[in-house]
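Report on the following structure.
Read the figures in this text as sums done on the coordinates, not as results from a lab. These numbers come from a predicted model, not from an experiment. With ideal geometry, Cβ positions are generated from the backbone for all residues, glycine too; neighbour counts draw on all protein chains shown.
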Amino acid sequence: MLLITGATGNIGHELTAALEGKQAKVRLLVRDPARAAGRAEHVVADLDDPATLPPAFDGVSKLFLLTPGIGLTQTEHAVAAARAAGVQHIVHLSSANVLGDPMPAMGRWHHDREELVRASGIPATILRPGAFMTNTLEWLPTIREGGFVLNPIGQGRFAPIDPADIAAVAAVALTEEGHQGKQYVLTGEEALTVIEQVQILSTAIGRDLEVRPVASPEEAVRSRFPRGAPPALADALIEGYTLMRADTTGFRTNTVRRLLGRAPRTFSDWCTRNTHRFRS
Ligand SMILES: NC(=O)c1ccc[n+]([C@@H]2O[C@H](COP(=O)([O-])OP(=O)(O)OC[C@H]3O[C@@H](n4cnc5c(N)ncnc54)[C@H](OP(=O)(O)O)[C@@H]3O)[C@@H](O)[C@H]2O)c1
């Protein structure tokens, strides 16, 4: 049995679909059963509440572990439940931020989670993606409000990855041999500025979009969280925007191509598949 955490999220949704063709027995760990309706077998559990985990982990041999937000407790709970259930392989979703030198806060949380997974003694595959294409959905409020996108990173570039490609790599690591003990850094193949991304989105949805520069990373966080972000998250985002603005995050890897035998999906593909989300 293969257990998927984060099953209702960007990667989890795609991973469930990717595993359908692989004849693997799959169970989704979900907090809200309504969100799993019509999909694979599911168990209601919460990674913040360790007492809910044993039924979800019962009989599980492979785990896709995704812990959102900040902090370590969800990973601690999941690893303890995995050990108790005799899980034999964890495919763990981390972040390319762990490679930063010095390591930014976003990377430190993921690094410490990786350490917990490694210390469990359960063979693991670590996925370290860069920024997701789905982060573009954070532009929706300003697009709806006034047809504009705030640009917190100036001319900085990054190579966004489609969560569907992360899911495809996870599906391979979970169902094929030879991936235990490996770490995969996953990016798209196009290093784009925000201005270039907005142009691509604009073409896909058939609507002119304006790009407005943001004076400082602090202003970018205030506009993203008008009612205030938790201080640790705000600091980490400011640090992240500052690094991107300095154009230090445009690296690309060929790992998706190597593992999947095809090019990563382009940002244009993602926009075309998601036009309905920007038009509604
Ligand atoms: N965005 C990026 O650019 C980026 C880059 C590198 C790494 N990452 C990492 O990627 C992960 C996010 O992946 P994603 O975008 O696929 O996720 P997502 O769309 O944000 O969804 C989060 C998932 O976690 C579930 N969840 C939240 N709290 C939970 C809890 N207490 N117990 C059990 N499940 C819970 C949610 O379920 P509900 O339906 O119940 O809410 C949902 O399925 C994070 O670890 C992030 O740090 C992100």
Highest first, please rank the peptides 95-106, 187-198 by the mean number of other Cβ atoms sitting within 10 Å of their residues.
-> 187-198, 95-106
Once you sort the root eigenvalues of the Cα gyration tensor of region 34-158 as a ≥ b ≥ c, which label holds: rounded (a/c under 1.5), prolate (a/b larger than b/c) or oblate (the other case)?
-> oblate
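Using a 10 Å cut-off on Cβ atoms, rank the peptides 13-19, 66-72 from the highest mean neighbour count down. Let's see the in-between values first.
Numbers: 13-19: 20.7, 66-72: 16.3.
Order by mean packing, descending: 13-19, 66-72.
Helix-derived [θ] at 222 nm for the chain: sum -39500 (n - 2.57) over DSSP H runs of at least 4, divide by residue count, nearest 500?
Details: 12 runs with 117 residues, N = 280.
When only DSSP H runs of four or more count, the value is -12000 deg cm²/dmol.
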Determine by what factor the alpha-carbon radius of gyration of region 47-121 differs from 2.2 N^0.38 Å, reporting the quotient.
-> 1.11
Using only the alpha carbons, work out the radius of gyration and Dmax of region 185-225 in angstrom.
-> 13.1, 34
So what is the relative contact order of the chain, in percent, for Cα pairs below 8 Å that sit 6 or more residues apart?
-> 18 percent
Gap in Å between the Cα centre of region 1-59 and the Cα centre of region 236-253?
-> 32 Å
Name the residue, out of Val256, Val44, Val117, whose mean-square fluctuation peaks in a Gaussian network model built on the chain with Cα pairs under 10 Å.
-> Val44
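Rounded to two decimals, what ratio of Rg to Rh does the chain give with C-alpha atoms and a Kirkwood Rh?
Details: Rg = 18.8 Å, Rh = 19.6 Å.
Looking at the chain, the ratio lands at 0.96.
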Everything considered on the Cα gyration tensor (a ≥ b ≥ c; rounded for a/c under 1.5, else prolate if a/b is larger than b/c, else oblate), region 93-203 must be described as prolate
Percent RCO, i.e. relative contact order, over region 46-157, from Cα pairs under 8 Å lying at least 6 residues apart = 23 percent
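Rounded if a/c is under 1.5, else prolate if a/b is larger than b/c, else oblate: which is region 1-62, with a ≥ b ≥ c the root eigenvalues of its Cα gyration tensor?
On the way: a/c = 1.93, a/b = 1.31, b/c = 1.47.
Here region 1-62 falls in the oblate category.
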